[in-house]
Amino acid sequence: MQRRNFIEKSSLLVGLMATAPVLGFASDIKNPKSRKFIVNYNFEIKHDSKNFPAKLWNPLPFTTAYQKVKLLRFDGNYDNYNINSKNDYDANTLFAEWKKSDKKKLLHLQLEIETVDRTVSLEKIKRASKLNLATPQNIQIYLEPTAHIPTTGIIKQLADRIIGDSTDSFEKVKKVYLWCAQHTFRDKNVIGCGKGDVGKMVSEKEVEYIYKNGYYGGKCTDLSSLFTAIARAAGIPTREVFGIRLGKSHFSKALGKSDAKGFATISSWQHCRAEYYIAGAGWIPTDPADITKLELVEGLKFNDPKVQKLLEKYINSWEMNWVGFNHARDFKLFPQPEQYPLNMFGYPYGEVEDNVLNYYDPKSFEYKITSQEIF
Amino acid sequence: MKKILLLSLLFSLSLQAKEQSVTLKIDGMTCPLCTMAIKKSLKSTKGVKKIKISLPKKRAVVLFETTQANTTTLINAIKKAGYSAELE
């Protein structure tokens, strides 16, 4: 055990992660009510053989105006570890490594997270959008394609068809958001959050057919990635935000739940959202995938008033019964794994030599994540 | 004694001849879990002894028994997992 080292390192991490503004500053809601969650990760790495080495990379939340890591502690019997954000997207990572042995490979991570609901006011967005300001240099990466987010070819044609003659950025976003909400559905047969492989999702060639009849199934990474690809192709900096639901939604059980005491087992509650950028207003939260989840879980049609209410709400806000980890797509973790690039980092990632542990299956990996809301 | 040595040499040569290692170039792998799916499919192929897959190199090195598998069966196993492959 290396408890002393961990405590020292934990303090450092909290220092690193708490450099963002005080909670609530970025929300346009006056005096937003905060929520607190204690999140526990328990790992016991599994493999076919008894005597094996292992490496684990676990995503850690970022700290910003609407979410704050107030405490982070971890413990285990690993031989080596580090905390880093040494990757193209500055994704916070807890890395642990076990040398080849027959001992159990254990790690416990505890986080105390405080969140506030996040909204950017429509007035602010519209005002900024009219100014048509240039996209800052450091944001331009979110206009670029990645292996899973194409922005040329049929996606570019589709983006052009959807936005029509709109020149205002927010008008373009609204059109893309509405099209995605109307032309996608949640496919419960997709494993985990989905791969988010837009090139494979949109395989037809005829843009007019796709525009009118395209109907794409997937889970949150798939649907957020489709929104991201089309919005980027329309010239709007956009990104997925990978994270995990922490507890009860006040809008619908479909969007998060817990028991009467605020406890939930959240091992498979990873959820991908999206953000788009309008210069002068900054990053704006959205969640096209949760529209389809509400429809599926509650058995509602698109025109149902509850779906329409969420549609209106989620073009510029997030309910924060969730915490975000990073915006990383198709990138290399640090230290460099055997297998790369990683297509997204919302789940723990583990390897035993060149073997990838199935992060979609917590029981075979093995990990368990729980959350306790503090009232 | 000479006979025994000769037989044992022949036996060991025939054992060696039964195993072959090939490198396959794989198309369509886009994430680490793709390697897992391919490995699973190859493992269930009769005669496959050892597999090493590299996502960055888009390659698989497969050791197999020539009496039970061949390059075509390996390529078909990779196809079954949803990817395409060819002998390098």
Under 9 Å between Cβ atoms, at least 6 apart or on separate chains: pull out the pairs that start in segment B:32-47 with a residue that is within 14 Å of chain A (Cβ to nearest Cβ) and end on any residue that is among the charged types (D, E, K, R) and open to solvent by less than 60 Å² (accessible area, probe 1.4 Å). B:PRO32/A:GLU351; B:THR35/A:ASP354; B:LYS39/A:ASP354
Return the pair list, or none, for Cβ contacts closer than 7 Å from residues in segment A:317-341 that are within 14 Å of another protein chain (Cβ to nearest Cβ) to residues that are basic (Lys, Arg), at least 6 apart or on different chains. A:PRO337/A:LYS55; A:TYR340/A:LYS332; A:PRO341/A:LYS332
Subset of segment B:48-59 (residues that are of a type outside the set (Lys, Arg) and within 10 Å of chain A (Cβ to nearest Cβ)): B:ILE51, B:ILE53, B:SER54, B:LEU55, B:PRO56
Please work out which residue is farthest from the other protein chains (Cβ to nearest Cβ), limiting yourself to segment A:196-246 and to residues that are within 15 Å of A:TRP179 (Cα to Cα) and of a type in the set (Lys, Arg). A:LYS212
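The rows are residues; the columns are (1) outside the structural domain of A:PRO362 (by TED's automatic domain parsing); (2) over 14 Å from the mean Cα position of the chain (by Cα); (3) not basic (Lys, Arg).
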position	(1), (2), (3)
A:TYR276	yes, no, yes
A:PRO288	yes, no, yes
A:GLY299	yes, yes, yes
A:PHE302	yes, yes, yes
A:LYS306	yes, yes, no
Do we find that A:GLY256 is within 15 Å of A:PRO288 (Cβ to Cβ) and either more than 14 Å from chain B (Cβ to nearest Cβ) or not aliphatic (A, V, I, L, M) (or both) in this structure? no
Please specify each residue of segment A:123-150 satisfying the condition of being in contact (Cβ under 8 Å) with a residue 12 or more places away in the chain, in a helix (DSSP H, G or I) and not β-branched (Val, Ile, Thr). A:LYS124, A:LYS126, A:ARG127, A:ALA128, A:SER129, A:LYS130, A:LEU131, A:GLN140, A:TYR142, A:LEU143
For A:VAL116, state whether it is in contact (Cβ under 8 Å) with a residue 12 or more places away in the chain, closer than 30 Å to A:TYR211 by Cα and β-branched (Val, Ile, Thr). no
So which strands (runs of 3 or more DSSP E) are wholly in segment A:152-257 and hold at least 2 residues that are basic (Lys, Arg) and either touching a residue at least 60 places away in the same chain (Cβ under 8 Å) or not assigned by TED's automatic domain parsing to the domain that holds A:ASP304 (or both)? A:238-245
Hey, does segment A:104-122 have a residue that's of a type in the set (Lys, Arg), touching a Gly at 6+ places or on another chain (Cβ under 9 Å), in a loop (DSSP other than H, G, I, E, B) and surrounded by 18 or more Cβ atoms within 10 Å (Cβ to Cβ)? yes
Within segment A:75-88, the residues that are open to solvent by 40 Å² or more (accessible area, probe 1.4 Å) and over 27 Å from A:HIS47 (Cα atoms) are A:SER85, A:LYS86, A:ASP88
Going through segment B:46-73 one residue at a time, which ones are in a loop (DSSP other than H, G, I, E, B), touching a strand residue (DSSP E or B) at 6+ places or on another chain (Cβ under 7 Å) and aliphatic (A, V, I, L, M)? B:ALA69
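Here is a yes/no grid of residues against (1) open to solvent by 20 Å² or more (accessible area, probe 1.4 Å); (2) not basic (Lys, Arg):
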| residue | (1), (2) |
| --- | --- |
| B:LYS25 | yes, no |
| B:LEU42 | no, yes |
| B:VAL48 | yes, yes |
| B:ILE51 | yes, yes |
| B:SER54 | yes, yes |
| B:GLN68 | yes, yes |
| B:THR71 | yes, yes |
| B:ASN76 | yes, yes |
What is the one condition in (1) surrounded by 16 or more Cβ atoms within 10 Å (Cβ to Cβ); (2) in contact with a Gly (Cβ under 9 Å, 6 or more places away or on another chain); (3) part of a strand (DSSP E or B) that A:LEU72 does not satisfy? (2)
I need a count of the residues in segment A:134-153 that are open to solvent by 30 Å² or more (accessible area, probe 1.4 Å) and more than 14 Å from every other protein chain (Cβ to nearest Cβ). 11
Test A:PHE62 against the stated conditions and say whether it is at pLDDT 65 or above, touching a Gly at 6+ places or on another chain (Cβ under 7 Å) and assigned to a loop (DSSP other than H, G, I, E, B). yes
Enumeration of residues in segment A:349-375 that are more than 12 Å from every other protein chain (Cβ to nearest Cβ), of a type outside the set (Asp, Glu) and part of a loop (DSSP other than H, G, I, E, B): A:PHE375
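The values are calculated or read from the model by the stated rules, or taken from the named source; none is laboratory data. Small disclaimer: the values here were computed from a predicted structure and weren't measured. Every residue, glycine among them, receives a Cβ derived from its backbone with ideal geometry; neighbour counts consider all protein chains shown. Ligands, DNA and RNA are stripped out before the accessible areas are found, and what is left, the full protein with its side chains, is counted by its heavy atoms. Shrake-Rupley method; radii C 1.70, N 1.55, O 1.52, S 1.80 Å.
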